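Here is the structure we will look at.
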């Protein structure tokens, strides 16, 4: 598999997960943590789908570059690198944004950070599949 396919697949799948995560999977918990209702938020416009997709595509490209830069493609390494990236970026960013905003509860940190971790893991799996196919064809 070509690396760009891994990047596109990882980005799109992570974004698709977000539609499920903030929809049928955790919508009620997320709204409760925000202290709002679906009626107050209203229907999201297309921006709420395009901006996260662009973000996930950039994230997939960066994570794939990191895996390649470090020149290791074993599952243990890729999963540890993904977890480190999540702690350094996803978890801390959510703590800073959500925890210190007194209107939001700590539950929101775990809902949002959980989604980021799951998205990063999807990207890692796509990178590993792409790497294995590349290694086998060499």
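The values are calculated or read from the model by the stated rules, or taken from the named source; none is laboratory data. Everything numeric in this text was worked out from a predicted model, so none of it was measured. Positions of Cβ are backbone-derived with ideal geometry, glycine not excepted, and every protein chain shown enters the neighbour counts.
Within the stretch 32-55, which residues are more than 15 Å from residue 115 (Cα to Cα) and surrounded by 15 or more Cβ atoms within 10 Å (Cβ to Cβ)?
Residues satisfying the conditions are 32, 34.
Read through the list (1) without any contact (Cβ under 8 Å) to a residue 24 or more places away in the chain; (2) not in a helix (DSSP H, G or I), then give the number of the only condition that residue 4 fails.
(2)
When you go through (1) surrounded by 11 or more Cβ atoms within 10 Å (Cβ to Cβ); (2) closer than 21 Å to residue 11 by Cα one by one for residue 96, which number turns out not to apply?
For residue 96, the failing item is (2).
Which residues, taken from the stretch 16-51, are closer than 30 Å to residue 66 by Cα and free of Cβ contacts under 8 Å to residues at least 60 places away in the same chain?
Filtering the stretch 16-51 for residues closer than 30 Å to residue 66 by Cα gives 16-22, 47-51.
Across the stretch 16-51, the qualifying residues are 16, 19, 20, 47, 48, 49, 50, 51.
Restricting to the stretch 108-132, give me the number of residues that are over 28 Å from residue 33 (Cβ atoms) and either touching a helix residue (DSSP H, G or I) at 6+ places or on another chain (Cβ under 6 Å) or surrounded by 19 or more Cβ atoms within 10 Å (Cβ to Cβ) (or both).
Summing the residues that are over 28 Å from residue 33 (Cβ atoms) and either touching a helix residue (DSSP H, G or I) at 6+ places or on another chain (Cβ under 6 Å) or surrounded by 19 or more Cβ atoms within 10 Å (Cβ to Cβ) (or both) in the stretch 108-132 gives 5.
Considering the stretch 66-79 alone, what residues qualify as being surrounded by fewer than 13 Cβ atoms within 10 Å (Cβ to Cβ) and either more than 24 Å from residue 5 (Cβ to Cβ) or within 20 Å of the chain's Cα centre (by Cα) (or both)?
Of all residues in the stretch 66-79, those surrounded by fewer than 13 Cβ atoms within 10 Å (Cβ to Cβ) come to 69-71, 74-76.
Within the stretch 66-79, 75, 76 qualify.
Looking only at the stretch 56-90, count every residue that is assigned to a helix (DSSP H, G or I) and either in contact with a strand residue (DSSP E or B) (Cβ under 7 Å, 6 or more places away or on another chain) or at pLDDT below 80 (or both) and tell me the total.
Taking the stretch 56-90 and keeping what is assigned to a helix (DSSP H, G or I), we get 56-69, 75-90.
Next cut, either in contact with a strand residue (DSSP E or B) (Cβ under 7 Å, 6 or more places away or on another chain) or at pLDDT below 80 (or both) only: none.
Residues that pass the stated criteria total 0.
Do we have residue 87 as within 22 Å of residue 110 (Cβ to Cβ) and surrounded by fewer than 16 Cβ atoms within 10 Å (Cβ to Cβ) here? It would help to see each step written out before you state the result.
Values: within 22 Å of residue 110 (Cβ to Cβ): yes; surrounded by fewer than 16 Cβ atoms within 10 Å (Cβ to Cβ): yes.
Yes.
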